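Report on the structure given below.
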Amino acid sequence: MTDQFIPPWQDKATLAKNICAGETTVDNWVAQGILPPPRKRGGKLMWKWSEVDERLTLGDAGASPETAAERIRNATRRAASESRTGH
């Protein structure tokens, strides 16, 4: 089997194809912190493959402390909001 070339920078459609997921899944995984956020390059949102690969390989261990802290804050806010509204 030959190695497939994976571009170092990818738009959402290319990234979705390379991780065998849909574009909506890419959006959801970014929102959940599973994937790193995209960067704007040349007016287009792009992901750096090495960062995506690292995040998928290492999981939370690959996230920066700031990202991990933000994820915990957001989860705490959601849980507090849900407990107040009874959901």
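So for region 1-8 (the condition being modelled with pLDDT of 80 or more and hydrophobic (A, V, I, L, M, F, W, C)), does at least one residue qualify?
Looking for residues that are modelled with pLDDT of 80 or more and hydrophobic (A, V, I, L, M, F, W, C), one finds at least one in region 1-8, hence yes.
Considering only region 23-44, I want to know if a residue exists there that is in a strand (DSSP E or B) and touching a residue at least 24 places away in the same chain (Cβ under 8 Å). Working first, answer last.
Applying the first criterion (in a strand (DSSP E or B)) to region 23-44 yields 39-41, 44.
Applying the additional criterion that residues be touching a residue at least 24 places away in the same chain (Cβ under 8 Å) yields 41, 44.
Yes - at least one qualifying residue is present in region 23-44.
Restricting attention to region 1-58, which residues are out of contact with any strand residue (DSSP E or B) (no Cβ under 7 Å at 6 or more places or on another chain), within 26 Å of residue 69 (Cβ to Cβ) and among the aromatic types (Phe, Trp, Tyr)?
Within region 1-58, 29 is the sole residue that qualifies.
The values are calculated or read from the model by the stated rules, or taken from the named source; none is laboratory data. For clarity, every value in this text was computed on a predicted model and none was experimentally measured. Backbone-built Cβ (ideal geometry, glycine too); neighbour counts: all protein chains shown.
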